[in-house]
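The values are calculated or read from the model by the stated rules, or taken from the named source; none is laboratory data. If you're wondering where the values come from, they're calculated on a predicted model, not measured in any experiment. Note that each Cβ is placed from the backbone with ideal geometry, even for glycine, and that neighbours are counted across all protein chains shown. For accessibility, only protein heavy atoms count, side chains too; no ligands or nucleic acids. Shrake-Rupley method; radii C 1.70, N 1.55, O 1.52, S 1.80 Å.
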Amino acid sequence: MGLRLRVDGDVVRGEVTFDRRQQGAPGIAHGGAVTTVLDDAVASLLVVLETPAVTANIHVDFRAPTLLHHPMTVEARATGRDGRKLHLTARLLDERATVVAEAQALFLAVDLEHFAKGGEALPEAWSGWGANAPG
Ligand SMILES: CCCCCCCCCC(=O)SCCNC(=O)CCNC(=O)[C@H](O)C(C)(C)COP(=O)(O)OP(=O)(O)OC[C@H]1O[C@@H](n2cnc3c(N)ncnc32)[C@H](O)[C@@H]1OP(=O)(O)O
């Protein structure tokens, strides 16, 4: 789907075009693929927030069909923090700036050791990530 995300101040923005590999109904992206994009967008906010965290839950409202082969934009922002709980939101918009899907996600801040459970080496760039994050 060629998702590209970038940090723009305290917002994450990106572009994505779904194709047949993400098809659900004919010509329309599967909701799981749409959710993946929204989850990835909010997860990228963790760079802005300087906080390692994981998705605890994500709620998605599908407002309109997400059409294949149409360029979409995604934007994500943080809406609040309560201790370890990060409240994040993201929207997917079509070329006419119509919101086709939006998500509210709860992320839980974790220690970097959480990611070591996967048994893979963590990226070098992650060392020190979250060292100053409030608990
Ligand atoms: C840019 C770099 C990106 C790096 C990667 C980022 C990750 C990308 C996004 C992902 O896809 S993450 C993968 C999918 N998510 C997971 O695999 C998470 C799996 N779940 C867990 O590991 C644990 O359940 C979790 C760390 C989320 C919570 O376990 P904890 O033992 O740390 O929390 P705990 O049970 O003590 O609960 C702490 C608080 O959170 C609340 N809570 C926990 N899970 C919740 C939940 N699912 N829904 C609502 N509230 C939840 C819980 O009620 C409680 O609230 P209170 O403090 O008010 O009592």
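Enumerate the pairs (first residue in the range 103-116 and of a type outside the set (A, V, I, L, M); second residue anywhere and modelled with pLDDT under 95 and more than 7 Å from the ligand (Cβ to nearest atom)) with beta-carbon separation below 8 Å, excluding pairs fewer than 6 apart on the same chain, so at least 6 apart or on different chains. Note: pairs meeting the criteria are ASP111/GLY130; PHE115/LEU122; PHE115/TRP126. Of all residues in the range 23-50, those being touching a helix residue (DSSP H, G or I) at 6+ places or on another chain (Cβ under 9 Å), open to solvent by 30 Å² or more (accessible area, probe 1.4 Å), under 17 Å from GLN104 (Cα atoms) and not polar (S, T, N, Q) number 1. Candidates are the residues of the range 112-135 that are at pLDDT below 90 and more than 29 Å from THR73 (Cβ to Cβ); the one that is least open to solvent (accessible area, probe 1.4 Å) is GLY128. What is the residue count in the range 93-112 for residues that are of a type in the set (A, V, I, L, M, F, W, C) and away from the ligand (no atom under 13 Å from the Cβ)? Within the range 93-112, residues that are of a type in the set (A, V, I, L, M, F, W, C) and away from the ligand (no atom under 13 Å from the Cβ) number 5.
THR79 fulfils the conditions (1) polar (S, T, N, Q); (2) touching a residue at least 60 places away in the same chain (Cβ under 8 Å); (3) over 21 Å from ALA125 (Cα atoms) except for a single criterion, (2). Considering only the range 40-50, I want to know if a residue exists there that is assigned to a loop (DSSP other than H, G, I, E, B) and at pLDDT below 95. Taking every residue of the range 40-50 in turn, at least one turns out to be assigned to a loop (DSSP other than H, G, I, E, B) and at pLDDT below 95.
Against the conditions (1) in a strand (DSSP E or B); (2) near the ligand (Cβ under 9 Å from one of its atoms); (3) over 16 Å from ALA41 (Cα atoms), PHE115 satisfies every one except (1).
Across the range 8-22, which residue is farthest from ARG91 (Cα to Cα) among those that are open to solvent by 70 Å² or more (accessible area, probe 1.4 Å) and in contact with a strand residue (DSSP E or B) (Cβ under 8 Å, 6 or more places away or on another chain)? Here the answer is ASP10.
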